1. Between the stretch B:281-314 and the stretch B:388-447, how many Å separate their Cα centres?
2. For the stretch A:160-315, what % of the accessible area comes from carbon and sulfur atoms, probe 1.4 Å?
3. Tell me, what is a quarter of the convex hull surface for the C-alpha atoms of the stretch B:354-446, in nm² with one decimal?
4. Averaged across orientations, what area in nm² does the convex hull of the alpha carbons in the stretch B:286-346 project?
5. So for chain B, what are the equivalent ellipsoid semi-axes in whole Å, largest first, each being the square root of 5 times an eigenvalue of the Cα gyration tensor?
6. Give the average over all directions of the projected area of the C-alpha convex hull of the stretch B:256-509, one decimal, in nm².
7. Tally Lys/Arg at +1 and Asp/Glu at -1 over every other residue whose Cβ is under 10 Å from the Cβ of residue B:352; what's the total?
8. At a 1.4 Å probe radius, which order do B:269, A:56 fall into by accessible area, largest first?
Amino acid sequence: MDLAIVYSILDSSVRLTAPILLACLGGLYSERSGVFDIGIEGKMLFSAFAAGAVAWHSGSAWLGLGAAVLVGIAFSLLHGYASITQRGNQIISGVAINFLAAGLTALLGKAWYGQGGKTPQLANEARFTSLTLPGADAVKDVPFLGPLYSGIVSGHSILVYVAFFAVPFTWWVLFRTRFGLRLRAVGENPAAVDTAGISVVWLRYAGVTICGVFAGLAGAYLAIAQSANFAPNMSAGTGFIALAALIFAKWNPVGALGATFLFGFLQALAIPLQGAQIPGLGWQVPVQAITASPYILTVILLAGFIGKAIPPKAGGVAYVKER
Amino acid sequence: MAEPAIELVGIDKRFGPVHANKDINLVVEDGTIHGIVGENGAGKSTLMSILYGFYHADKGEIKVAGKPVTIHTPNDAIAAGIGMVHQHFMLVENFTVLENVILGVEGGRLLKGGEDRARAQLKKLAEDYDLDVDPDALIEDLPVGLQQRVEILKALTRGAETLILDEPTGVLTPAEADHLFRILGQLKAQGKTIILITHKLREIMAITDRVSVMRRGEMVATLQTARTDPEEIAELMVGRRVLLEVDKGPAKPGAERLRVEGLTVVDEWGVARVDNVSFSVRDGEIVGIAGVSGNGQSELMEALSGIRKAKSGRIVLNGETIDPVHEADPAKMRQRGMGHVPEDRHHLGLVLPFEESENIILGYHRRDAYGKGFNLDPDLVRADARRMNEKFDVRPANEKLKTANFSGGNQQKIVLAREMDGEPAMLLVGQPTRGVDIGAIEFIHKQLIALRDRGKAVLLVSVELDEIRSLADRVLVMFAGRIVGEVPPETDEGDIGLLMAGVTQKEAAE
């Protein structure tokens, strides 16, 4: 295959990995604290809508991003209130947020902008456009490494770099800081945290809030970096894929990078394969089969090709003192 | 004289309608080991949880070293020099020892400094007391005895002067318990104060200086241990005379009722939990299986009762050979006359939200006596439940009450009634008196011995060595899924303890 095609697939992989990675890391903070968050998908959708709408009205990508993050946090706190304070069922709360997001964003979109639920198309100034990293043009013609740097590493929006930088940062937070130690502990044995004189409730709210920030970044990326507007249901299962990736990753940030890149790569692969012929048979590869492949892979991998993934032991369970 | 280490004045606590602590006064002298005994629900744990700041008393005052202190959270307790070793360890299992020790007292936003400091502290403590643990070991890889040591280290590194231990020996082998008591002795020698909550009178007699007895939320007495005896303490606990010794005549074993040959049971990861076990039980005898919890007793019981499929082996019951690999079926085992009192009555024995009459027939509900065909006639069921309640002294004798509202002892009597009422030829009994108060223990023991004397075979699994020794006619010891020895029940407790810790009889003889 032409090297240029390989480069272009890898380039797309990076772009497509970013939102999954952001959502996956968000889920990691929440689930490590013991709160399962099936509502990431919905939060991304809400955030994407907020980003698209605010960026259009204000003309500023940064204000759009800020709105997305605030909306992400707001719905995380709602989830936190239901599942931490009220000790409700975390799955139900998450599913409710997903339904709410799918319906409400489309409804508000139609009511406010009358473009079939979409927010108006953004000018480039109101979006996060590609950045050219220093020296990218200079090294372009260096064989092999040149295109690797200028074509794949360089040329993405700032949110892509944030996503990839968040991996080592999350690792450092989890394993090298006091907050990380406590966060990991509260997802495993909240009673141990409580008896050590630390607030279980506060830690879990911190976990879900950080999750909201990441869901906000992921949503903003979809609407104002990858695209130039919000479209109904544009998250298209990214939040769920991120949760699946979190399981392959065994709730580890470095694993999350690998798992989400695999999904990003598969989605990237689908682009040039659409309409391609299967060599020798002359059949066209059905588009649906390609686009479905990441989901099929999810099922296959989850069915037992990843070894035993042990979730945080107290995950999904509200903490109640004895009695 | 020095101020008392801890003084509780007029502590009162209610949980809704339950009056858990009624105007409790307690003085714990500095540098002593002070025992607190009482039956389940007497309020011991509540009182200690109040002292540790886990619950908040409705009324009352806490004084530490003579000064009144306000303890609202465990942090306040730690600051006042109070540490607690909980019955269920408060450890994060996939953390290292070091991580568990620093949790909550990291000493800064980053972990590095705190870890180094704790490492040095642990080294010092290991030298001062007999408290050696590898700081980098994962908790889940450590045996329970060492996990408990980590809990003690946690308290000591936080500067505890008074250490509360809640039922510390429940999960330990006798040898580990002895080691713990030596450590407690050393701590006392260094001037620490220890509060020991337990229901084992033997431990109270062995290591405490003073003992306080609680009953139904009240503090009924505080005694000098040297000037009392187990009978007096038991009477104070229960409020009436109790028989501590089990009254039983010699067994008259008959024909073989159950034979187990080469039984192997593996867990979901393929690890052998029961490893090629063979033994037999005869009519008219109680065979006890001793062992520390988690050495395959549960899996053995589950395989014998048909709940769990075995990997290989053979079960012969009433002369009929059963293939435990393919024919595991609890209903069929019951039909063959095998009763089963499961180890964990909440998990396997009862449906707590059901009314009592439903639980007392569960598993036997297909009998025609309870209704024809598909029908279950509540009147017939309740009538039979009333009969069984009377026979087994279930209190309150109200078959319409939700099972969750019965005390532990009475819940156990419900299970026992269900499994014993049909006079099973063979009865499997797991932990018959776990979480059961002394009065009910006496009743349950009597029932089991009466069953034996009626010529039935009983297989008893218990982690309480005292119980095994006083009930069983033969004792099998299980360790790591194998039966490592058979001894008569009169055998010295220390010798059985060695077997329970995996030292074989041959090794012990050498």
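The values are calculated or read from the model by the stated rules, or taken from the named source; none is laboratory data. It should be emphasised that the depicted structure is a prediction, and the values quoted were computed from it without experimental measurement. Here Cβ is always computed from backbone atoms with ideal geometry, including for glycine, and neighbour counts include all displayed protein chains. We work out accessible area using only protein heavy atoms, side chains counted, and drop any ligands, DNA or RNA first. Shrake-Rupley method; radii C 1.70, N 1.55, O 1.52, S 1.80 Å.
1. 21 Å
2. Carbon-and-sulfur percentage of accessible area, whole number: 72.
3. For the stretch B:354-446, the mean projected area of the Cα convex hull comes to 6.0 nm².
4. 4.8 nm²
5. Its equivalent ellipsoid spans semi-axes of 42, 28, 22 Å.
6. 13.7 nm²
7. Details: positive: B:345, B:402; negative: none.
Around residue B:352, the charge tally is +2.
8. Largest accessible area first, the residues go B:269, A:56.
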